[in-house]
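The values are calculated or read from the model by the stated rules, or taken from the named source; none is laboratory data. Predicted, not measured: the structure shown is a model, and the values here were computed from it. For neighbour counting, all protein chains shown are included, and Cβ atoms are generated from backbone atoms with ideal geometry for every residue, glycine included. Surface accessibility is based on the protein's heavy atoms, side chains included, excluding ligands, DNA and RNA. Shrake-Rupley method; radii C 1.70, N 1.55, O 1.52, S 1.80 Å.
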Amino acid sequence: MGVLEKGGGNDPATCEREGVTKFALYYTRSAPFMAARLATLQAWRRILFDLGLIGQELTATGAVGFGNVSERFDAQDRSGCFVITATQTGHKPILTPKDYSLVTGRDLAANRIDAEGPAPPSSESLTHAIFYASRADVRYVFHGHSPEIWSCADVLGLPSTDRRVPYGTPEMAREVQALLALPDSRAAGLLVMGGHENGVISYAATADTAGDILIQTLTRARGLAPKTRDQRPSG
């Protein structure tokens with residue numbers, strides 16, 4: 001079993017950089033999934049990429065990819081696992097089976113993810129894992145970037161994690177866990193990552209529902225006045 005060292009942690013220089021792994025990753029290289037098994041994720045991932053919810057942005061240090069999608073993986077000997085896009089794939093318009101990883105275990109207290117596949121999993125794997133662990137009805141989780149949704153989360157009435165909590169950390173996972181435990185969370189299907197600029201996550205029992213929630217919310221956000229969109233989510 002390979003071991004990748006824990007990444008950037010809470011260093012201010014890395015806490016907002018997408019793709020920086022902040023958990024201990026125990027990773028074993030293995031063969032990719034069959035393409036047919038990934039067809040639904042592939043289709044929706046391409047849609048989200050075309051909408052700009054997944055992609056890359058230019059920063060002072062270069063181009064940085066963002067966004068990832070995952071699907072619960074149920075098998076007789078793999079309860080609680082999920083397939084997720086691999087790290088450093090946000091910039092790719094089209095993925096192949098070699099761009100996906102299988103998360104086989106997680107330990108929030110130890111800040112650890114176990115995974116296998118042709119490439120290491122997304123740096124947001126710990127956050128995705130909390131959705132599947134907290135809600136048995138959730139089978140798909142889509143994480144994208146949307147300045148429009150993120151900037152008017154309050155106006156749209158969207159739940160938000162504390163903006164002091166950076167992405168990819170146990171603290172972010174606990175924030176998500178707390179939001180999912182709220183009485184009205186079952187009908188929400190989308191939350192904003194207050195401490196991860198422009199970060200939004202949709203979740204649902206089907207890929208179509210998770211994708212539609214993101215698209216419908218984006219449509220609502222773009223329909224707001226520019227002054228309203230300039231607002232920022234509270235923490």
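Could you list, in sequence order, the residues of segment 187-196 that are more than 15 Å from the chain's Cα centre (by Cα) and either surrounded by 19 or more Cβ atoms within 10 Å (Cβ to Cβ) or touching a residue at least 12 places away in the same chain (Cβ under 8 Å) (or both)?
Keep residues of segment 187-196 that are more than 15 Å from the chain's Cα centre (by Cα), which gives 187-188.
ALA188, the sole residue that qualifies.
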In this structure, does ARG29 turn out to be under 19 Å from GLY211 (Cα atoms), over 15 Å from the mean Cα position of the chain (by Cα), surrounded by fewer than 21 Cβ atoms within 10 Å (Cβ to Cβ) and among the basic types (Lys, Arg)?
no
In segment 161-186, the residues that are open to solvent by less than 30 Å² (accessible area, probe 1.4 Å), at pLDDT 90 or above and either of a type in the set (Ser, Thr, Tyr) or assigned to a loop (DSSP other than H, G, I, E, B) (or both):
THR161, ASP162
Considering each of GLN56, GLN42, GLN76, GLN88 in turn, give the residue that is open to solvent by 30 Å² or more (accessible area, probe 1.4 Å), assigned to a loop (DSSP other than H, G, I, E, B) and at pLDDT 80 or above.
GLN88
Flagged in segment 132-148 as closer than 13 Å to LEU51 by Cα and part of a helix (DSSP H, G or I), in numbering order, are PRO147, GLU148
Pick from segment 130-157, criterion open to solvent by 30 Å² or more (accessible area, probe 1.4 Å) and among the hydrophobic types (A, V, I, L, M, F, W, C), ranking: farthest from the chain's Cα centre (by Cα):
VAL155
Just to be sure before I move on: is ARG222 at pLDDT below 95, surrounded by fewer than 22 Cβ atoms within 10 Å (Cβ to Cβ) and under 16 Å from GLY52 (Cα atoms) in the structure I sent?
yes
